[in-house]
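Below is one structure, written out as structure tokens; the observations come after it.
The values are calculated or read from the model by the stated rules, or taken from the named source; none is laboratory data. Here the structure is a predicted model, which is why all the values come from computation and not from measurement. Cβ placement follows ideal geometry from the backbone for every residue including glycine, while neighbour counts extend to all protein chains displayed. Remember, those area values only see protein heavy atoms, side chains included, never the ligands or the DNA or RNA. Shrake-Rupley method; radii C 1.70, N 1.55, O 1.52, S 1.80 Å.
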Amino acid sequence: MSILPQHHHNHHTTIIRRHRHHRIYCAATTPIRTTPKPEPLVINTTPLITPPKSNDPSLKSTWSHRAWVATGCTTVLASLASSVVGSANEHMWIEPILSGFVGYLFADLGSGVYHWGIDNYGDASTPVFGTQIDAFQGHHKWPWTITKREFANNLHALARVITYSVLPLDLMLHDQPVAMGFVGMASGCIMFSQQFHAWAHGTKSKLPPVVVALQDAGVLVSRPQHAAHHRPPYNNNYCIVSGVWNQVLDENKVFEALEMVLFFKLGIRPRSWSEPNSDWTEETEEAKDDPPTTMTIF
């Protein structure tokens, strides 16, 4: 058996790799934002808080108001009567008169401090003083309304305070004419300060001649002096009895110093730092149904 040589055939397989370039297309769909058709801007010109009408019931006096004013006046007159009777019995007049004058000055100063406080701090929700704060803020918006308030309506709140605070003093100090002179004059001026305030907003031709004479003499706060309180920057001329303290307090920046103390100690900002705004823009009586207009009161 012949052995045939075996031929080993090496098959070289050539692998040809063909690189195919695939193009990949990425399609991204971008949404097209359409601009909506603008709608006309509608501005509601109706004020959130409307001024009271001249015949508004809130400006009228009630029998409760009249009763409180009568009680307050009685309390004040009791103080003054005790002073007069005691002075006559003790034959002294200078001291009670001087104490009455001091009470008059004290009332003007007190009205300024109180007016500054409720103008700049608190709101309608503030305990005890909320009603007064709300009323004074409304007064800055519509100052003419104070001239429309009836007498007892304007004074009853202060008359109530005077009754509760002065009546005990009348009972305890009735035999001390000097003290009663101070109490009677101070409490009387404080109670009537809102009426003096109303006269300061009145028209000269419509005021009683005696009131105009007292204003011109500086006994009562004058119209031009108080008008400055209702002009920017709304941080001066707070006193509303005679206004005699206004110049002293404003020139020495007493209230501005107090505001700084309260701000750094308690972090409370007064309204006068951010005013004027629409809440303090005065509105004329004639234009109370129209957009607010700025006015100057003389």
Review point. Are there any pairs, at least 6 apart or on different chains, whose C-beta atoms fall under 9 Å, with the first in segment 195-211 and without any contact (Cβ under 8 Å) to a residue 40 or more places away in the chain and part of a loop (DSSP other than H, G, I, E, B) and the second open to solvent by less than 20 Å² (accessible area, probe 1.4 Å) and among the β-branched types (V, I, T), and if so, which?
Key: none
**Study point:** Flag for M185 being over 19 Å from Q225 (Cβ atoms), open to solvent by 60 Å² or more (accessible area, probe 1.4 Å), assigned to a helix (DSSP H, G or I) and in contact with a helix residue (DSSP H, G or I) (Cβ under 6 Å, 6 or more places away or on another chain)
**Key:** yes
**Study point:** Hey, I162 open to solvent by less than 20 Å² (accessible area, probe 1.4 Å), modelled with pLDDT under 90 and under 30 Å from T203 (Cα atoms) or not
**Key:** no
Review point. Do we have any residue at all in segment 146-156 that's open to solvent by 20 Å² or more (accessible area, probe 1.4 Å), among the small types (G, A, S) and either closer than 24 Å to H226 by Cβ or part of a helix (DSSP H, G or I) (or both)?
Key: no
Review point. Do the conditions hold for L214, that is, is it touching a Leu at 6+ places or on another chain (Cβ under 9 Å) and surrounded by fewer than 20 Cβ atoms within 10 Å (Cβ to Cβ)?
Key: yes
Exercise for review: Give me a count of the residues in segment 168-182 that are open to solvent by 10 Å² or more (accessible area, probe 1.4 Å) and under 14 Å from A81 (Cβ atoms).
Suggested key: 8
Point to revise | All positions within segment 179-227 that are more than 25 Å from S99 (Cβ to Cβ) and in contact with an Asp or Glu (Cβ under 9 Å, 6 or more places away or on another chain) | key: S222
Check your understanding: Can we say S79 is open to solvent by less than 10 Å² (accessible area, probe 1.4 Å), touching a Gly at 6+ places or on another chain (Cβ under 7 Å) and in contact (Cβ under 8 Å) with a residue 60 or more places away in the chain?
Key -> yes
